[in-house]
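Here's the structure we're looking at; comments come further down.
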(Lines give C-alpha, C1' and ligand atoms only; values in the text may rest on other atoms or scores of the structure.)
Protein backbone atom coordinates (compact mmCIF):
# COMPACT_ATOMS: atom_id res chain seq x y z
CA UNK A 1 0.00 0.00 0.00
CA UNK A 2 1.40 3.37 -0.96
CA UNK A 3 0.10 5.13 2.13
CA UNK A 4 1.81 2.71 4.47
CA UNK A 5 4.23 5.39 5.66
CA UNK A 6 1.53 6.99 7.80
CA UNK A 7 0.31 3.63 9.13
CA UNK A 8 3.42 1.57 9.79
CA UNK A 9 6.24 3.90 10.68
CA UNK A 10 7.17 4.89 14.20
CA UNK A 11 8.97 8.19 14.08
CA UNK A 12 11.79 9.48 16.28
CA UNK A 13 14.09 12.40 16.89
CA UNK A 14 17.78 12.43 17.66
CA UNK A 15 18.89 14.49 20.60
CA UNK A 16 21.56 16.63 18.98
CA UNK A 17 21.10 19.12 16.15
CA UNK A 18 22.24 17.94 12.74
CA UNK A 19 25.39 19.57 11.42
CA UNK A 20 24.96 20.85 7.88
CA UNK A 21 27.70 20.88 5.27
CA UNK A 22 28.06 23.20 2.32
CA UNK A 23 25.51 23.16 -0.52
CA UNK A 24 28.15 22.45 -3.14
CA UNK A 25 28.64 18.94 -1.68
CA UNK A 26 25.02 18.03 -2.45
CA UNK A 27 24.11 16.45 -5.80
CA UNK A 28 20.60 17.84 -5.41
CA UNK A 29 20.34 21.60 -6.19
CA UNK A 30 19.04 23.63 -3.28
CA UNK A 31 19.51 20.82 -0.75
CA UNK A 32 22.18 20.78 1.94
CA UNK A 33 23.70 17.54 3.12
CA UNK A 34 24.15 16.85 6.83
CA UNK A 35 26.81 14.59 8.35
CA UNK A 36 24.37 11.70 8.65
CA UNK A 37 23.46 11.82 4.94
CA UNK A 38 20.19 13.72 5.19
CA UNK A 39 19.46 16.19 2.38
CA UNK A 40 17.43 19.21 3.54
CA UNK A 41 15.92 22.32 2.02
CA UNK A 42 14.17 24.68 4.42
CA UNK A 43 11.41 27.05 3.33
CA UNK A 44 10.94 28.50 6.81
CA UNK A 45 13.22 27.68 9.72
CA UNK A 46 13.49 28.75 13.35
CA UNK A 47 16.88 27.39 14.38
CA UNK A 48 16.34 28.45 18.01
CA UNK A 49 12.86 26.95 18.27
CA UNK A 50 11.97 23.91 20.38
CA UNK A 51 12.54 20.63 18.56
CA UNK A 52 10.59 17.40 19.17
CA UNK A 53 12.09 14.74 21.43
CA UNK A 54 11.55 11.00 21.65
CA UNK A 55 8.05 10.27 22.92
CA UNK A 56 6.62 13.65 21.89
CA UNK A 57 3.63 13.66 19.55
CA UNK A 58 4.08 15.68 16.37
CA UNK A 59 1.38 17.05 14.11
CA UNK A 60 2.42 17.40 10.48
CA UNK A 61 1.18 18.35 7.08
CA UNK A 62 3.23 16.11 4.81
CA UNK A 63 3.53 14.34 1.50
CA UNK A 64 6.19 12.25 -0.18
CA UNK A 65 6.90 11.09 -3.71
CA UNK A 66 9.23 8.71 -5.52
CA UNK A 67 12.01 9.53 -7.99
CA UNK A 68 9.46 9.67 -10.85
CA UNK A 69 7.46 12.40 -9.06
CA UNK A 70 4.58 10.05 -8.30
CA UNK A 71 2.95 11.09 -5.02
CA UNK A 72 2.86 8.11 -2.67
CA UNK A 73 1.25 9.85 0.31
CA UNK A 74 -0.40 13.20 0.92
CA UNK A 75 -1.99 14.06 4.26
CA UNK A 76 -4.26 16.55 2.46
CA UNK A 77 -5.81 13.76 0.37
CA UNK A 78 -9.09 12.74 2.11
CA UNK A 79 -9.00 9.33 0.43
CA UNK A 80 -5.74 8.60 2.25
CA UNK A 81 -6.27 10.64 5.40
CA UNK A 82 -9.96 10.49 6.46
CA UNK A 83 -9.39 12.84 9.42
CA UNK A 84 -10.21 15.77 7.07
CA UNK A 85 -7.73 17.96 8.96
CA UNK A 86 -5.06 17.74 6.28
CA UNK A 87 -2.56 16.72 8.94
CA UNK A 88 -1.43 13.57 10.74
CA UNK A 89 -0.26 12.98 14.31
CA UNK A 90 2.02 10.30 15.72
CA UNK A 91 4.50 9.75 18.56
CA UNK A 92 8.24 9.82 17.97
CA UNK A 93 10.16 6.61 18.51
CA UNK A 94 13.77 5.76 17.69
CA UNK A 95 15.49 6.47 14.41
CA UNK A 96 15.51 3.52 12.03
CA UNK A 97 18.69 4.53 10.17
CA UNK A 98 21.10 7.46 9.84
CA UNK A 99 19.55 10.23 7.75
CA UNK A 100 16.02 8.91 8.17
CA UNK A 101 12.76 10.84 8.11
CA UNK A 102 12.77 10.53 11.88
CA UNK A 103 16.11 12.34 11.95
CA UNK A 104 14.68 14.98 9.64
CA UNK A 105 11.95 15.78 12.15
CA UNK A 106 14.62 16.53 14.73
CA UNK A 107 15.63 19.60 12.75
CA UNK A 108 12.15 21.16 12.76
CA UNK A 109 10.55 23.67 15.10
CA UNK A 110 6.84 24.43 15.19
CA UNK A 111 5.96 26.43 12.06
CA UNK A 112 8.97 25.17 10.10
CA UNK A 113 8.46 23.81 6.61
CA UNK A 114 11.06 21.92 4.62
CA UNK A 115 11.82 19.37 1.95
CA UNK A 116 13.94 16.28 2.64
CA UNK A 117 15.47 13.74 0.29
CA UNK A 118 15.92 10.32 1.89
CA UNK A 119 17.11 6.93 0.66
CA UNK A 120 14.13 4.95 -0.61
CA UNK A 121 15.94 1.66 -0.03
CA UNK A 122 16.47 2.48 3.64
CA UNK A 123 12.91 3.70 4.16
CA UNK A 124 11.35 0.54 2.72
CA UNK A 125 13.87 -2.03 3.92
CA UNK A 126 14.71 -0.59 7.35
CA UNK A 127 11.77 1.57 8.38
CA UNK A 128 8.96 -0.41 6.72
CA UNK A 129 10.96 -3.64 7.20
CA UNK A 130 9.98 -4.96 3.79
CA UNK A 131 11.92 -7.80 2.24
CA UNK A 132 11.96 -6.19 -1.20
CA UNK A 133 11.21 -2.85 -2.80
CA UNK A 134 7.80 -2.21 -4.37
CA UNK A 135 7.72 -2.07 -8.16
CA UNK A 136 7.12 1.68 -8.09
CA UNK A 137 10.41 2.31 -6.20
CA UNK A 138 13.73 2.23 -8.08
CA UNK A 139 16.66 0.67 -6.25
CA UNK A 140 19.12 3.33 -5.10
CA UNK A 141 16.60 6.15 -5.63
CA UNK A 142 15.50 8.87 -3.24
CA UNK A 143 12.12 9.77 -1.75
CA UNK A 144 11.24 13.47 -1.50
CA UNK A 145 9.31 14.53 1.61
CA UNK A 146 7.50 17.86 1.93
CA UNK A 147 6.79 18.63 5.58
CA UNK A 148 5.35 21.36 7.78
CA UNK A 149 5.45 20.89 11.57
CA UNK A 150 2.26 22.31 13.06
CA UNK A 151 2.43 21.20 16.68
CA UNK A 152 4.53 19.36 19.27
CA UNK A 153 2.86 17.80 22.31
CA UNK A 154 5.39 16.94 25.00
CA UNK A 155 5.70 13.32 26.10
CA UNK A 156 4.71 14.03 29.71
CA UNK A 157 1.54 15.83 28.59
CA UNK A 158 0.68 12.94 26.28
CA UNK A 159 1.12 10.48 29.11
CA UNK A 160 -1.03 12.57 31.47
CA UNK A 161 -3.78 12.86 28.86
CA UNK A 162 -3.63 9.13 28.20
CA UNK A 163 -3.85 8.36 31.92
CA UNK A 164 -6.78 10.75 32.29
CA UNK A 165 -8.65 9.15 29.40
CA UNK A 166 -8.02 5.68 30.81
CA UNK A 167 -9.39 6.74 34.19
CA UNK A 168 -12.44 8.34 32.56
CA UNK A 169 -13.01 5.19 30.54
CA UNK A 170 -12.69 3.06 33.67
CA UNK A 171 -15.31 5.16 35.47
CA UNK A 172 -17.64 5.02 32.47
CA UNK A 173 -17.24 1.26 32.17
CA UNK A 174 -18.06 0.79 35.86
CA UNK A 175 -21.11 3.01 35.46
CA UNK A 176 -22.34 1.01 32.46
CA UNK A 177 -21.74 -2.23 34.32
CA UNK A 178 -23.78 -1.05 37.31
CA UNK A 179 -26.58 0.32 35.11
CA UNK A 180 -27.02 -2.85 33.04
CA UNK A 181 -29.24 -4.75 35.53
CA UNK A 182 -31.50 -1.70 35.92
CA UNK A 183 -31.79 -1.20 32.16
CA UNK A 184 -32.53 -4.88 31.62
CA UNK A 185 -35.19 -4.95 34.37
CA UNK A 186 -36.86 -1.85 32.91
CA UNK A 187 -36.95 -3.40 29.44
CA UNK A 188 -38.57 -6.58 30.76
CA UNK A 189 -41.19 -4.58 32.68
CA UNK A 190 -41.94 -2.17 29.84
CA UNK A 191 -42.39 -5.06 27.39
CA UNK A 192 -44.37 -7.21 29.84
CA UNK A 193 -41.91 -10.07 29.61
CA UNK A 194 -42.62 -12.50 32.44
CA UNK A 195 -40.45 -15.43 31.30
CA UNK A 196 -37.94 -16.60 33.87
CA UNK A 197 -34.28 -16.51 32.90
CA UNK A 198 -32.28 -19.68 32.43
CA UNK A 199 -29.48 -20.48 34.85
CA UNK A 200 -27.09 -18.44 32.69
CA UNK A 201 -29.38 -15.39 32.63
CA UNK A 202 -30.84 -15.84 29.12
CA UNK A 203 -34.47 -14.88 28.56
CA UNK A 204 -36.00 -17.23 25.97
CA UNK A 205 -39.49 -16.38 24.73
CA UNK A 206 -40.80 -18.82 22.14
CA UNK A 207 -42.98 -17.12 19.52
CA UNK A 208 -43.66 -19.99 17.15
CA UNK A 209 -43.08 -23.72 17.66
CA UNK A 210 -41.14 -25.70 15.13
CA UNK A 211 -41.43 -29.38 14.34
CA UNK A 212 -39.23 -32.36 14.91
CA UNK A 213 -35.99 -32.83 16.79
CA UNK A 214 -33.76 -30.12 18.14
CA UNK A 215 -30.19 -29.58 16.93
CA UNK A 216 -27.27 -30.86 18.98
CA UNK A 217 -23.84 -29.41 19.52
CA UNK A 218 -21.98 -29.41 16.22
CA UNK A 219 -25.13 -29.33 14.08
CA UNK A 220 -24.95 -27.01 11.10
CA UNK A 221 -27.76 -24.51 11.56
CA UNK A 222 -29.32 -21.88 9.30
CA UNK A 223 -30.73 -18.86 11.13
CA UNK A 224 -32.57 -15.68 10.25
CA UNK A 225 -32.21 -12.91 12.79
CA UNK A 226 -32.65 -9.29 13.73
CA UNK A 227 -30.60 -7.80 16.56
CA UNK A 228 -31.59 -4.70 18.51
CA UNK A 229 -30.32 -2.71 21.45
CA UNK A 230 -32.71 -2.18 24.35
CA UNK A 231 -33.75 1.17 22.85
CA UNK A 232 -35.05 -0.66 19.77
CA UNK A 233 -32.33 0.39 17.35
CA UNK A 234 -31.40 -2.36 14.90
CA UNK A 235 -27.66 -3.04 14.75
CA UNK A 236 -27.74 -6.07 12.44
CA UNK A 237 -30.18 -8.26 10.52
CA UNK A 238 -30.28 -10.97 7.89
CA UNK A 239 -33.72 -9.78 6.71
CA UNK A 240 -33.65 -7.35 3.78
CA UNK A 241 -36.99 -5.68 4.56
CA UNK A 242 -35.90 -4.99 8.14
CA UNK A 243 -32.57 -3.57 6.97
CA UNK A 244 -34.34 -1.19 4.58
CA UNK A 245 -36.85 -0.11 7.21
CA UNK A 246 -34.03 0.54 9.68
CA UNK A 247 -32.10 2.57 7.09
CA UNK A 248 -29.11 0.23 7.15
CA UNK A 249 -29.54 -1.67 3.88
CA UNK A 250 -26.19 -2.56 2.34
CA UNK A 251 -26.02 -3.69 -1.29
CA UNK A 252 -22.62 -5.30 -0.66
CA UNK A 253 -23.99 -8.05 1.59
CA UNK A 254 -26.49 -10.85 0.98
CA UNK A 255 -29.69 -10.93 3.05
CA UNK A 256 -30.27 -14.59 3.77
CA UNK A 257 -30.01 -17.03 6.69
CA UNK A 258 -26.53 -17.35 8.14
CA UNK A 259 -25.05 -20.80 8.54
CA UNK A 260 -22.68 -21.98 11.27
CA UNK A 261 -21.88 -24.99 13.48
CA UNK A 262 -23.84 -24.79 16.72
CA UNK A 263 -22.14 -24.48 20.11
CA UNK A 264 -18.66 -24.27 18.57
CA UNK A 265 -17.90 -20.71 19.65
CA UNK A 266 -18.87 -19.23 16.27
CA UNK A 267 -21.56 -16.95 17.72
CA UNK A 268 -22.32 -15.36 21.09
CA UNK A 269 -23.12 -17.68 24.00
CA UNK A 270 -26.74 -16.54 24.19
CA UNK A 271 -27.35 -17.75 20.64
CA UNK A 272 -25.73 -21.13 21.17
CA UNK A 273 -27.82 -21.74 24.29
CA UNK A 274 -31.11 -20.62 22.72
CA UNK A 275 -30.78 -22.54 19.44
CA UNK A 276 -30.27 -25.80 21.31
CA UNK A 277 -33.82 -25.31 22.61
CA UNK A 278 -35.39 -24.79 19.16
CA UNK A 279 -36.69 -27.05 16.42
CA UNK A 280 -36.58 -26.29 12.69
CA UNK A 281 -39.16 -23.60 11.92
CA UNK A 282 -39.15 -22.31 15.50
CA UNK A 283 -39.09 -18.55 16.14
CA UNK A 284 -38.10 -16.92 19.41
CA UNK A 285 -37.34 -13.65 21.10
CA UNK A 286 -34.07 -13.66 23.01
CA UNK A 287 -33.15 -11.11 25.65
CA UNK A 288 -29.46 -11.63 26.24
CA UNK A 289 -27.43 -10.04 29.05
CA UNK A 290 -24.04 -8.70 28.00
CA UNK A 291 -22.28 -11.55 29.79
CA UNK A 292 -23.72 -13.88 27.13
CA UNK A 293 -23.10 -11.39 24.32
CA UNK A 294 -20.20 -8.94 23.90
CA UNK A 295 -19.56 -8.11 27.55
CA UNK A 296 -17.27 -5.28 28.54
CA UNK A 297 -15.70 -5.09 25.07
CA UNK A 298 -18.81 -4.27 23.07
CA UNK A 299 -18.71 -4.72 19.31
CA UNK A 300 -19.00 -1.94 16.73
CA UNK A 301 -22.35 -0.21 17.33
CA UNK A 302 -22.87 -2.29 20.48
CA UNK A 303 -21.54 -0.44 23.55
CA UNK A 304 -19.87 -2.30 26.44
CA UNK A 305 -22.20 -3.98 28.94
CA UNK A 306 -25.17 -3.89 26.55
CA UNK A 307 -28.00 -6.43 26.85
CA UNK A 308 -29.25 -7.41 23.38
CA UNK A 309 -32.64 -8.36 21.98
CA UNK A 310 -32.79 -10.83 19.09
CA UNK A 311 -35.61 -12.15 16.98
CA UNK A 312 -34.34 -15.48 15.68
CA UNK A 313 -35.74 -18.17 13.41
CA UNK A 314 -34.13 -21.57 13.11
CA UNK A 315 -34.76 -22.15 9.41
CA UNK A 316 -33.17 -25.61 9.25
CA UNK A 317 -30.27 -27.69 10.48
CA UNK A 318 -28.29 -30.79 9.59
CA UNK A 319 -26.98 -33.16 12.22
CA UNK A 320 -23.32 -33.13 13.13
CA UNK A 321 -21.25 -35.73 11.28
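The values are calculated or read from the model by the stated rules, or taken from the named source; none is laboratory data. Quick caveat: nothing in here was measured; it's all calculated off a predicted structure. Please note: Cβ atoms are built from the backbone with ideal geometry, for glycine as well, and neighbour counts cover all protein chains shown.
Which one of these is in a loop (DSSP other than H, G, I, E, B) and either farther than 21 Å from residue 302 by Cα or under 32 Å from the mean Cα position of the chain (by Cα) (or both): 196, 151, 207, 164? Walk me through how you get there before you give the answer.
Working: 151 fails: in a loop (DSSP other than H, G, I, E, B); 207 fails: in a loop (DSSP other than H, G, I, E, B); 164 fails: in a loop (DSSP other than H, G, I, E, B).
That would be 196, the only listed residue that is in a loop (DSSP other than H, G, I, E, B) and either farther than 21 Å from residue 302 by Cα or under 32 Å from the mean Cα position of the chain (by Cα) (or both).
Confirm whether residue 309 is in contact (Cβ under 8 Å) with a residue 40 or more places away in the chain, assigned by TED's automatic domain parsing to the domain that holds residue 194, in contact with a strand residue (DSSP E or B) (Cβ under 8 Å, 6 or more places away or on another chain) and under 29 Å from residue 176 (Cβ atoms).
It is true that residue 309 is in contact (Cβ under 8 Å) with a residue 40 or more places away in the chain, assigned by TED's automatic domain parsing to the domain that holds residue 194, in contact with a strand residue (DSSP E or B) (Cβ under 8 Å, 6 or more places away or on another chain) and under 29 Å from residue 176 (Cβ atoms).
Which of the residues belonging to region 65-96 are outside any loop (DSSP other than H, G, I, E, B), within 28 Å of residue 135 (Cβ to Cβ) and over 18 Å from the mean Cα position of the chain (by Cα)?
Once the filter is applied, which keeps residues that are outside any loop (DSSP other than H, G, I, E, B), within 28 Å of residue 135 (Cβ to Cβ) and over 18 Å from the mean Cα position of the chain (by Cα), region 65-96 yields 65, 71, 72, 73, 74.
Just to verify a result, which residue in region 257-277, among those that are in contact (Cβ under 8 Å) with a residue 60 or more places away in the chain and in contact with a helix residue (DSSP H, G or I) (Cβ under 6 Å, 6 or more places away or on another chain), is surrounded by the most Cβ atoms within 10 Å (Cβ to Cβ)?
Going through the qualifying residues, I end up with 270.
Name the single residue, out of those in region 108-129 being modelled with pLDDT under 95 and outside any helix (DSSP H, G or I), that is surrounded by the fewest Cβ atoms within 10 Å (Cβ to Cβ).
Among those that are modelled with pLDDT under 95 and outside any helix (DSSP H, G or I), it is 129.
Return the residues of region 212-235 that are touching a helix residue (DSSP H, G or I) at 6+ places or on another chain (Cβ under 9 Å) and in contact (Cβ under 8 Å) with a residue 24 or more places away in the chain; say none if nothing qualifies.
Selection gives 214, 215, 217, 219, 221, 223, 225, 226, 230.
Out of all the residues in region 278-304, which are in contact (Cβ under 8 Å) with a residue 40 or more places away in the chain, surrounded by 16 or more Cβ atoms within 10 Å (Cβ to Cβ), in contact with a strand residue (DSSP E or B) (Cβ under 7 Å, 6 or more places away or on another chain) and not in a strand (DSSP E or B)?
278, 282
Under 7 Å between Cβ atoms, which residue pairs at least 6 apart in sequence (or on different chains) link something in region 242-256 that is touching a residue at least 12 places away in the same chain (Cβ under 8 Å) with a partner that is surrounded by 10 or more Cβ atoms within 10 Å (Cβ to Cβ) and assigned to a loop (DSSP other than H, G, I, E, B)?
Matching pairs, first to second residue: 243/249; 243/255; 255/238; 255/239; 256/238.
Going by the conditions given, is residue 171 more than 21 Å from residue 233 (Cβ to Cβ), in a helix (DSSP H, G or I) and at pLDDT below 90?
no
If residue 142 meets every condition in (1) touching a helix residue (DSSP H, G or I) at 6+ places or on another chain (Cβ under 7 Å); (2) at pLDDT below 95 apart from one, which number is that one?
(2)
If residue 192 meets every condition in (1) out of contact with any helix residue (DSSP H, G or I) (no Cβ under 9 Å at 6 or more places or on another chain); (2) under 30 Å from residue 279 (Cβ atoms); (3) touching a residue at least 12 places away in the same chain (Cβ under 8 Å) apart from one, which number is that one?
Every condition holds for residue 192 apart from (3).
Given the conditions (1) in contact with a strand residue (DSSP E or B) (Cβ under 6 Å, 6 or more places away or on another chain); (2) assigned to a loop (DSSP other than H, G, I, E, B), which single one is not true for residue 228?
Condition (2) is where residue 228 drops out.
Which condition number in (1) outside any loop (DSSP other than H, G, I, E, B); (2) buried (at least 18 other Cβ atoms within 10 Å of the Cβ); (3) out of contact with any helix residue (DSSP H, G or I) (no Cβ under 6 Å at 6 or more places or on another chain) is the one that residue 43 fails?
In the conditions (1) outside any loop (DSSP other than H, G, I, E, B); (2) buried (at least 18 other Cβ atoms within 10 Å of the Cβ); (3) out of contact with any helix residue (DSSP H, G or I) (no Cβ under 6 Å at 6 or more places or on another chain), residue 43 misses (2) alone.
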